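Down below is the structure, laid out as structure tokens.
Since every read-out is calculated from the coordinates, none of them should be taken as a lab result. Source: prediction; values computed, not measured. Note: ideal-geometry Cβ built from the backbone for every residue, glycine included; neighbour counts use all protein chains shown.
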Amino acid sequence: MERSVGLPGRHVDSLAATTSSLREGKKLNVERRGASMFTLRKYILSLVALLAMSLPASAAGGCVALTFDDGPDAVLTPRLLAILDQEHVKATFYLVGRRVAPNADIVRRIHAAGHEIGNHSWSHPRLTRLNNAAALQQVAMTDSAVTAAIGVQPETLRAPYGAINARVRGLFSRPFVAWDVDTLDWRYRNSTRIANVAVERARAGSIVLMHDIHATTIAAVPAIIDGLRSRGFDFVTVTQLKSAACGTQPIQGAVTRHRQHARHHQHHKTQPRLPSRQDAQRR
């Protein structure tokens, strides 16, 4: 039996007002538009993400892990932390090592809030293109930076671009964590699209890939949280996906799979917009 996923109660009463505001957009006072559009945008993001769904009941519920790569960012990561704290959501942050020391206070905030921190290499190269010594150094330098900031070494790794092979995987005893829901937020700087992809494609055990270095991603997070909660999902960190609280659900993205990573690797390899992502993470 199928069921349609309804809107959260806090959005139902505002639907008529939101629609009316959109129809009467020309009458908005320009001087007051900043505050009005912020509220309106939040409603739109949540409504679009939720109205698009009509899913089997069996597909809803369980645990999902929201993951954010390439940070910390001095401005956007604190903004994201505030949202997660307000919504009582735990997430996993895969940090780029060279960003850790300049943002050590933010890293400590991530850790103190109960979020998980993972290792995303020192400078975001394709590990498969490095020799063994260089690949080991990328991870070791990031381990050292994170440990200096919070006193704990990351438990999991994530390969930049998802580029992994048997040789690189064999260098490390810790697991490489992949994903099964790729929002492509680095390419599509559109908060509505990011929210729709995350909400509609998640299933029990999903790991959602995002990046906390893009403002459009941060803006999408409230709608993602609302949408996934409306489907009955609980938010956990990557390592908590294996906990008893999440039951016996399969982990959809945590095991490195050559086929999945080959697709992701090829995708980035053939896209001319790859330099824009690298530029963004190096700013």
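Structure summary
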read-out: Mean Cβ count within 10 Å, highest first, over the residues of peptides 87-94, 72-79; value: 87-94, 72-79
read-out: Using θ = phi - 60° and Karplus 6.51 cos²θ - 1.76 cosθ + 1.60, couplings along segment 206-220 (whole Hz; Gly, Pro as x); value: 5, 10, 9, 9, 9, 9, 8, 10, 10, 4, 5, 5, 4, 5, 7
read-out: Cβ-based exposure ranking for Phe172, Phe235, in which fewest neighbours within 10 Å come first; value: Phe172, Phe235
read-out: Spherically averaged projected area in nm², based on the convex hull that wraps the Cα atoms of segment 57-281; value: 11.5
